[in-house]
DNA sequence: GGATCCCGTTACGTC
DNA sequence: GACGTAACGGGATCCA
């Protein structure tokens, strides 16, 4: 049951009820998903019994905002949300209000309790509470019927009240029910992880709010340059040498041109058995046309995915990425709109990422954190010694596998060592290893060579082999309460189907590394309250005042790497720039 | 019949 | 291994 609150008297009454409720759920309905381009048009609350829908349009601005403050700024109140980072952004952007109460989030709870299915509120409530709410269907139905009429400037606020409000009224009620359901299990199994994740959630909120400064005039000029290069490449390298024009962006047409018309032998097939035209296949053909297509691909990736999209997403010279704590199975962060974690390593692109005047961008990264985790989990003495004495791990791997002294390892051999180390962490088979090594070494490596390398590797590092076997067998054993699963040292659980037990090693290492970074970020926030700008898995960017000393930066680096319980040294590297990302210089 | 939407596939950027 | 984004292309759907 919900109440649509329309008068000041009703609002006052609701205010009394909510002020007296120590635990409430809060939700917003907005005109869009991007907070920096949308407004809240509806607030909804629930105390678990009564649900209140409050439309922004029905109230005087200051009356409404006073009401919101009286509830959401109450530091003693527990405020529960479903992905409340979203509501916090919208609340701030629309009303300039911050939630000051203690925050809990059911999406984070859902993810800890089950990382393999959707964390979306209604499906989750249906699955674990058996409560099915179909009010959303009416909203969808109405949208479907009416969206055709004026799809240009569409938003949720146009859905009629009698359809939208029952749906909006349900959400906070469901949220509080799910919270009550999950809380005992979270307390029992994931208390520490949940606490850390909530703190990281708050840091991410700040990071997104701060945004990344981008140089729009530069991007615009870079776009023009790229477009020119792409045209020129198509004309002079691809079409000229082929003798006709075609759609270079179409894998189908590329295959037609290369394998039917130009009659090159097919180097490889895709997973579905189609003649492949990916970079590896093109690399096998020595001719200007495939070379031109390779160039075209990397240039248009840069242009569309980064250069154009960044300009479209920027507001006042800032892009505001959306980080998620619940979209990976391992506990890593993910990021979208834009994905600030996979911005191409390309100086011309990274020049576009600037820093505000008076500040300097600083990057720290945890060196080889996954290798440290690998050594720690496998307890391999050679690896542990190498990490303790600072020996080059990848060269050492090559030396061990090839049975020769480290100082005689060539560049290519080291690359193979590095590739193999990563492959072991990833848990790949020989076919994938071969492809992977080829990329690293820069020449074609056959499956047999890769398999041989892997075999020698496992002989040289028997503990790694034992570790793999142990993880597999732990997963194979069906156990309570999670079925087939592994758990990392932070207690993060990955439920894995027994047939896919090989992914267990990867989960332990990758998830452990992710939890290490989260723990470090929390420590850094608590000690320094810095301006958070970016996270790239094992690296962070903070923008600090230009007069910040190297000593302070080193203190931050220490927090990023100082984990006595790991019993292995973790190192960090530090970079900074007062201009842009392409200009960062290592600080020693 | 033609425009539009959806979804699987292919490809490629990061750690 | 873990992701997110873009583009294509075939099939389904909508609309006139």
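Here the label points at residue A:294 and residue A:568, each 7 Å from Cα along the C-beta direction, are separated by 3.5 nm in the simple model. Distance between the 7 Å Cα→Cβ label points at residue A:225 and residue A:1: 6.7 nm.
One compactness figure for the stretch A:370-490 is 1.13, namely its Cα radius of gyration divided by 2.2 N^0.38 Å.
Assuming R0 = 51 Å, can you tell me the calculated FRET efficiency for the pair residue A:271 and residue A:92, based on Cβ-Cβ distance, to the nearest 0.05?
0.70
Spatial offset of the stretch A:329-381 relative to the stretch A:203-269 amounts to 25 Å, using the alpha carbon center of each. In the stretch A:216-313, the convex hull through the Cα atoms has an average projected area of 6.8 nm², a quarter of its surface area.
Using the alpha-carbon positions of chain A, Rg (one decimal) and Dmax (whole number) come out as 27.1, 84 Å. In this simple spin-label model, placing a label point 7 Å from the Cα along the Cα-to-Cβ direction at both residue A:403 and residue A:188 gives a separation of 5.4 nm.
Mind checking the full-extension length gain between residue A:218 and residue A:76? Use 0.36 nm per residue of separation minus the Cα-Cα distance, one decimal, nm. So the chain would gain 46.3 nm between residue A:218 and residue A:76. Please say if the stretch A:148-286 is rounded, prolate or oblate, where rounded means a/c under 1.5 for a ≥ b ≥ c the square roots of the C-alpha gyration tensor eigenvalues, and otherwise the choice is prolate for a/b larger than b/c and oblate otherwise? Since a/c reaches 1.5 and a/b is larger than b/c, the shape of the stretch A:148-286 is classed as prolate.
Computed from Cα atoms, the angle from the helix A:84-95 axis to the main principal axis of chain A rounds to 60 degrees.
Ratio of the stretch A:34-73's C-alpha Rg to 2.2 N^0.38 Å, to two decimals?
1.27
Ranked by the mean number of other Cβ atoms within 10 Å of their residues, highest first, the peptides A:501-510, A:239-248 fall in the order A:501-510, A:239-248.
Taken as Cα centroids, the stretch A:490-568 and the stretch A:45-105 sit 31 Å apart, rounded to the nearest whole angstrom. At an R0 of 41 angstrom, the distance between the Cβ atoms of residue A:334 and residue A:239 translates into a FRET efficiency of 0.60.
Seen against the Cα atoms of chain A and their longest principal axis, helix A:216-233 is set at about 40 degrees. To test your reading of the geometry: what angle, between 0 and 90 degrees and rounded to tens, separates the Cα axis of helix A:161-189 from the longest principal axis of chain A? The angle comes out near 60 degrees. Protection proxy ranking of A:220-230, A:171-181, by the mean of other Cβ atoms within 10 Å over each peptide's residues and highest first, is A:171-181, A:220-230. Per DSSP H run of at least 4 residues, take -39500 (n - 2.57); add these up for chain A, divide by its residues and hand me the 222 nm value, nearest 500 deg cm²/dmol. My calculation for chain A gives -15500 deg cm²/dmol from helical runs alone. Annotation: extensible slack from residue A:327 through residue A:133 equals 67.5 nm (criterion: 0.36 nm per residue apart, minus Cα-Cα distance). Taking 0.36 nm per residue of separation and subtracting the current Cα-Cα distance, fully stretching the chain between residue A:49 and residue A:588 would add 188.2 nm. When you work out D = kT/(6 pi eta Rh) for the stretch A:80-135 at 37 °C and 0.692 mPa s, using the Kirkwood radius from C-alpha pairs as Rh and the Stokes-Einstein form, the result is 261 µm²/s.
If R0 is taken as 51 Å, the Cβ-Cβ distance between residue A:20 and residue A:477 corresponds to a FRET efficiency of 0.55.
Each peptide in A:266-275, A:103-112, A:437-446 gets a packing score, the mean of other Cβ atoms within 10 Å over its residues, and the list from highest to lowest is A:103-112, A:437-446, A:266-275.
Here, each number is a calculation from the coordinates, and none is a lab measurement. Source: prediction; values computed, not measured. Note that we place each Cβ from the backbone using ideal geometry, even for glycine, and neighbour counts take in every protein chain shown.
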